[in-house]
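The values are calculated or read from the model by the stated rules, or taken from the named source; none is laboratory data. For clarity, every value in this text was computed on a predicted model and none was experimentally measured. Using ideal geometry, Cβ is built from the backbone for each residue, glycine included, and neighbour counts are taken over all protein chains shown. Remember, those area values only see protein heavy atoms, side chains included, never the ligands or the DNA or RNA. Shrake-Rupley method; radii C 1.70, N 1.55, O 1.52, S 1.80 Å.
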Amino acid sequence: MQQFTLDVAVDTGPTLDSFLPLGNETAHQHLRLWLGSSPRAPVPIYLWGAGGTGKSHLLEAVQRGLAEHGEPYGRIDAKTDEPASFDPAWRVVLMDDVHRFNAVQQHAAFNWFVNAQSVGCSVLAAGDAPPANLALRDDLRSRLGWGDIFALQEIGRA
């Protein structure tokens, strides 16, 4: 009897291609163009919407795209207990679930934001509410609110 090796591992990680943009075509297209640009505009991008609208999917898809192209990035989310120091080699800073950031995470996020802007690094962030409604430090909230902002809708609802 001969044994055959079957490649059954299926990569199911988030990609921009696997995102169903129904009702969110503008944000989806913007991220596609932004990810493919070189250099990228340093204007921050903020995605907001209720749980299940695809914010984390889109951030993870961008992260995957950056990794596939060998581009360095930093990432912080509400599960990051000890945020790293900003690395000037990063080309993009990703911030997920900003609405859940504690004081330490907010301090790190503000520091990353300021440093990112000083070296031309892009910022992509996501939360559950528009920046003005976030219970965050004023200086972080105002920075999240000055760029391109997209309200994500539930899949299939516009």
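Specify the angular offset, from 0 to 90 degrees and rounded to the nearest 10, of the alpha carbon long axis of helix 25-36 from the longest principal axis of the alpha carbons in the chain. Result, in degrees: 80.
With 0.36 nm allotted per residue and the present C-alpha distance subtracted, the Ala41-Ala132 stretch has 30.5 nm of extension available.
Note on Glu68 and Thr15: their simple-model spin labels are 0.5 nm apart, each label 7 Å out from Cα toward Cβ.
Taking Lys and Arg as +1 and Asp and Glu as -1, the other residues whose beta-carbon sits under 15 Å from that of Ala135 total -1. Per-atom-type breakdown for the chain gives carbon and sulfur 52% of the accessible area (1.4 Å probe, protein chains only).
With a Förster radius of 30 Å applied to the beta-carbon distance between Leu33 and Ala84, the computed FRET efficiency rounds to 0.55. Here the simple spin-label model places points 7 Å from the Cα toward Cβ, and for Ala50 and Glu154 these points are separated by 0.5 nm.
Which residues' amide hydrogens lie under 5 Å from the amide hydrogen of Ser122, considering only partners 5 or more residues apart or on another chain, with H built in the peptide plane? Counting only residues 5 or more places away or on other chains, the set is Val92, Val93.
Once you list every other residue whose beta carbon is under 12 Å from the beta carbon of Pro72, what net charge do they have if Lys and Arg are +1 and Asp and Glu are -1?
Here the count lands on 0.
Relative to the longest principal axis of the Cα atoms of the chain, the long axis of helix 55-68 makes an angle of roughly 70 degrees.
Taking the Cα atoms of the chain, the ratio Rg/Rh between the radius of gyration and the Kirkwood radius comes to 1.03.
I need to check one value: relative contact order of region 38-158, counting alpha carbon pairs closer than 8 Å and at least 6 residues apart, in percent.
Averaging sequence separation for qualifying contacts and normalising by length gives 40 percent for region 38-158.
The mean accessible area for residues of the chain, using a 1.4 Å probe and ignoring ligands and nucleic acids, is 55 Å² per residue.
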